[in-house]
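The structure appears below as structure tokens.
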């Protein structure tokens, strides 16, 4: 009888802890949504160039916050710099960052279907140095903002963008951290003593585009050079799990992608805590 009471007490405690954690996350989400409604969040489309290519980035920051603040660059999915990515930039601004969505395709190009997305993204997958030049142009642009703390720069990316920010880290980009959300893991080969950034990978366990053998190979490569990384995976989460439009796009284009609210919330919290640990 006493053992049964102990087990029941433990279950009650665990349930209370889970409820408290969920309430905390919900409270944080509510606070962030309120911050996004604030007129203090300023946004702007910014033009910058690389040779003859004009790019249209998107910047957001909290104008009520004084002084310099850490910078977070956001690299879009293969669809391009659309409203989804702009929403993430707004969220980062509400967290106190100077955030900028990077226009990796140039001219603000947005794909309307997978074929167009493949056409836009393939040259950058094939030529990481081209991608790095475009990423560097965005860094130089954001550094011109008086709010930018040029010594505290991180990058996050989604799908295509996840691969890109991982490649930036592996090429030795001077970043404090990178975060990949459901990014492809077929990256350039890691080299010892080249990676400066700390790395967080947020991966969906049901992502058929990134199978287990690819994950194992990628992690083995990072382990071989002693990279400072964290790998988080989320059960039942398919590719593109953070984007609410993924389920509709999956049905529309017959792609194995879908939104997963639990994985979206968990991965965003992981990113937030990860960056806070570095910058605050």
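The values are calculated or read from the model by the stated rules, or taken from the named source; none is laboratory data. Just so it is clear, the model here is predicted, and its values are computed rather than measured. Because the Cβ atoms are built from the backbone with ideal geometry, glycine has one as well, and the counts that use them run over all protein chains shown.
Could you figure out which of (1) in contact with a helix residue (DSSP H, G or I) (Cβ under 7 Å, 6 or more places away or on another chain); (2) surrounded by fewer than 19 Cβ atoms within 10 Å (Cβ to Cβ); (3) assigned to a loop (DSSP other than H, G, I, E, B) isn't true of residue 259?
Only one criterion is unmet by residue 259, namely (2).
Return yes or no: is residue 265 farther than 24 Å from residue 138 by Cβ, in contact with a helix residue (DSSP H, G or I) (Cβ under 7 Å, 6 or more places away or on another chain) and touching a residue at least 40 places away in the same chain (Cβ under 8 Å)?
It is true that residue 265 is farther than 24 Å from residue 138 by Cβ, in contact with a helix residue (DSSP H, G or I) (Cβ under 7 Å, 6 or more places away or on another chain) and touching a residue at least 40 places away in the same chain (Cβ under 8 Å).
Restricting attention to segment 137-169, and to residues there that are in contact (Cβ under 8 Å) with a residue 60 or more places away in the chain, surrounded by fewer than 19 Cβ atoms within 10 Å (Cβ to Cβ) and out of contact with any strand residue (DSSP E or B) (no Cβ under 7 Å at 6 or more places or on another chain), which single residue is nearest to residue 49 (Cα to Cα)?
140
Kindly provide the set of residues from segment 71-94 that are surrounded by fewer than 18 Cβ atoms within 10 Å (Cβ to Cβ) and in a loop (DSSP other than H, G, I, E, B), ordered by number.
82, the sole residue that qualifies.
Assess whether residue 111 counts as being touching a strand residue (DSSP E or B) at 6+ places or on another chain (Cβ under 8 Å), in the same structural domain as residue 166 (by TED's automatic domain parsing), surrounded by fewer than 24 Cβ atoms within 10 Å (Cβ to Cβ) and modelled with pLDDT of 95 or more.
Criteria met by residue 111.
Return yes when residue 271 is assigned by TED's automatic domain parsing to the domain that holds residue 84, over 22 Å from residue 88 (Cα atoms) and either part of a loop (DSSP other than H, G, I, E, B) or touching a residue at least 24 places away in the same chain (Cβ under 8 Å) (or both) and no when it is not. So that I can check it myself, show each step before the final result.
Working: assigned by TED's automatic domain parsing to the domain that holds residue 84: yes; over 22 Å from residue 88 (Cα atoms): no; either part of a loop (DSSP other than H, G, I, E, B) or touching a residue at least 24 places away in the same chain (Cβ under 8 Å) (or both): yes.
It is false that residue 271 is assigned by TED's automatic domain parsing to the domain that holds residue 84, over 22 Å from residue 88 (Cα atoms) and either part of a loop (DSSP other than H, G, I, E, B) or touching a residue at least 24 places away in the same chain (Cβ under 8 Å) (or both).
Would you pick out the residues in segment 192-218 that are touching a strand residue (DSSP E or B) at 6+ places or on another chain (Cβ under 6 Å) and over 14 Å from residue 235 (Cα atoms)?
The answer is 197, 198, 199, 200, 201, 209.
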